[in-house]
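*Asks:* I'd like to ask some things about the structure below.
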Amino acid sequence: MNILELKGLRKQFGGLVAVNDVDLDLKEGELRGLIGPNGSGKTTLFNLISGFLQPTKGKVIWRGKNITGKPVHSIVNEGIVRTFQLTTLLKDMTALQNVVIGCHLHMEMGLLEQVFGAARKREKEKALVKRAVDLLKNMGIEDVKDELTGALPHGYQRVLNIVITLACEPKLLLLDEPTTGLNPIETQQLMDRIKMLRDEKGLTIILVEHDMKAVMGNCEKISVMDFGKKIAEGSPEEVSKNEEVIEAYLGR
């Protein structure tokens, strides 16, 4: 079944059409690649799906429900979470503390419980720390949990950025260029972890990425954008042979 449907999605900034009437269907459990030259509209499309931008027209349908125009926190609560090209980490805190803060976003505690339920509050805090450690372990970076984030190698910071989004318990994960700045070995390790999230955790994932080897080798289906339009869609083999795609990247 389709977990996400974009219908005629458009975003216009004055005379600039950044996303031009895009239709896209995403099946539950899919790992979808979203590629295109710089400025093709990929990140803007992510911002429209996740609520950081409001569309000029069109609809975002999530599990059959129209979520167009909803604020970011409501969309996160629906289970749609995104990362950004630049890491958004608290660099003077440890990796574990960063993830615990992410977990706190989903910690519900009423006023009476805060005042009178000190013991229960401590239990919840303990459970949050355990959950944060488990998330770090699942992504293979538990060994740096007590390291200051700012001192971590770039590859670890990229993975930690994803771990923090997992603390929000996403059902759809929007990854915006997660392998930026990584060497080929680090890139493959990260892609293996992303596939694990899909295969073992059941997440649906859209991956915006400029590393064509990472996309072609790991995504079953790829959508291609250019000048705000979706110009092609299909398997890696189909997309790599598409004339419009070749022209977009290489010119005639």
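*Asks:* Which is out of contact with any strand residue (DSSP E or B) (no Cβ under 7 Å at 6 or more places or on another chain) and not charged (D, E, K, R), of 41, 15?
*Replies:* Answer to the check: 15.
*Asks:* Which helices (runs of 4 or more DSSP H) sit wholly inside region 111-227 and have at least 1 residues that are closer than 30 Å to residue 11 by Cα?
*Replies:* In region 111-227, 154-166, 184-201, 212-218 are the helices (runs of 4 or more DSSP H) which contain 1 or more residues that are closer than 30 Å to residue 11 by Cα.
*Asks:* Looking at (1) closer than 25 Å to residue 178 by Cα; (2) assigned to a strand (DSSP E or B); (3) among the hydrophobic types (A, V, I, L, M, F, W, C), can you tell me which one residue 17 breaks?
*Replies:* Just one mismatch for residue 17, condition (1).
*Asks:* Continuing with the same structure: Which members of region 228-241 meet the condition of being in a strand (DSSP E or B) and either basic (Lys, Arg) or touching a Phe, Trp or Tyr at 6+ places or on another chain (Cβ under 7 Å) (or both)?
*Replies:* Within region 228-241, 229, 230 meet the criteria.
*Asks:* Now for a separate question. Considering only residues that are out of contact with any helix residue (DSSP H, G or I) (no Cβ under 9 Å at 6 or more places or on another chain) and assigned to a strand (DSSP E or B), which ones fall in region 20-39?
*Replies:* Taking region 20-39 and keeping what is out of contact with any helix residue (DSSP H, G or I) (no Cβ under 9 Å at 6 or more places or on another chain), we get 20-21, 23, 25-28, 32, 38-39.
Selection gives 20, 21, 23, 25, 26, 27, 32.
*Asks:* With respect to residue 84, determine if the residue is among the aromatic types (Phe, Trp, Tyr) and at pLDDT below 95.
*Replies:* Yes, satisfied.
*Asks:* Let me ask another. Quick one: how many residues across region 198-209 are surrounded by fewer than 15 Cβ atoms within 10 Å (Cβ to Cβ) and farther than 25 Å from residue 74 by Cβ? Spell out how you get there, then give the answer.
*Replies:* Within region 198-209, the subset surrounded by fewer than 15 Cβ atoms within 10 Å (Cβ to Cβ) is 199-202.
Those left that are additionally farther than 25 Å from residue 74 by Cβ: 199-200.
Matching residues across region 198-209 total 2.
*Asks:* Given the options 163, 159, 224, name the one that is under 22 Å from residue 20 (Cβ atoms) and crowded, with 17+ Cβ neighbours inside 10 Å.
*Replies:* Working: 163 fails: under 22 Å from residue 20 (Cβ atoms); 159 fails: under 22 Å from residue 20 (Cβ atoms).
Testing whether each residue is under 22 Å from residue 20 (Cβ atoms) and crowded, with 17+ Cβ neighbours inside 10 Å leaves just 224.
*Asks:* Identify, please: which residue in region 173-197 is surrounded by fewer than 18 Cβ atoms within 10 Å (Cβ to Cβ) and touching a residue at least 60 places away in the same chain (Cβ under 8 Å) and is, among those, farthest from residue 40 (Cα to Cα)?
*Replies:* Filtering region 173-197 for residues surrounded by fewer than 18 Cβ atoms within 10 Å (Cβ to Cβ) gives 180-181, 183-186, 188-189, 192-193, 195-196.
After this cut, where a residue has to be touching a residue at least 60 places away in the same chain (Cβ under 8 Å) as well, the list is 180, 195.
Working: 180: 18, 195: 25 Å.
Per the criteria, the residue is 195.
*Asks:* Another question about this same structure. Out of all the residues in region 76-102, which are part of a loop (DSSP other than H, G, I, E, B) and within 16 Å of the chain's Cα centre (by Cα)?
*Replies:* 79, 83, 84, 85, 86, 87, 88, 89
*Asks:* Just need a number here: residues in region 52-96 that are out of contact with any Gly (no Cβ under 6 Å at 6 or more places or on another chain), farther than 14 Å from residue 172 by Cβ and touching a residue at least 40 places away in the same chain (Cβ under 8 Å).
*Replies:* The number of residues fulfilling the criteria is 16.
*Asks:* Tally time: how many residues in region 131-182 are more than 27 Å from residue 51 (Cβ to Cβ) and either in contact with a Gly (Cβ under 7 Å, 6 or more places away or on another chain) or among the basic types (Lys, Arg) (or both)?
*Replies:* Total satisfying the criteria: 4.
*Asks:* All but one of (1) surrounded by fewer than 20 Cβ atoms within 10 Å (Cβ to Cβ); (2) in contact with a Lys or Arg (Cβ under 6 Å, 6 or more places away or on another chain); (3) closer than 17 Å to residue 81 by Cα; (4) not basic (Lys, Arg) hold for residue 150; state the number of the condition that does not hold.
*Replies:* Result: residue 150 fails condition (3) only.
*Asks:* With the condition kept exactly as written, say whether any residue in region 121-130 is modelled with pLDDT of 90 or more, of a type outside the set (Val, Ile, Thr) and surrounded by fewer than 18 Cβ atoms within 10 Å (Cβ to Cβ).
*Replies:* Looking through region 121-130, at least one residue is modelled with pLDDT of 90 or more, of a type outside the set (Val, Ile, Thr) and surrounded by fewer than 18 Cβ atoms within 10 Å (Cβ to Cβ).
*Asks:* Take the residues in region 55-75 that are assigned to a loop (DSSP other than H, G, I, E, B) and among the polar types (S, T, N, Q); name whichever of them is farthest from residue 14 (Cα to Cα).
*Replies:* Ranking the candidates gives 68 first.
The values are calculated or read from the model by the stated rules, or taken from the named source; none is laboratory data. Note that this is a predicted model, so its numbers are computed, not measured. Here Cβ is always computed from backbone atoms with ideal geometry, including for glycine, and neighbour counts include all displayed protein chains.
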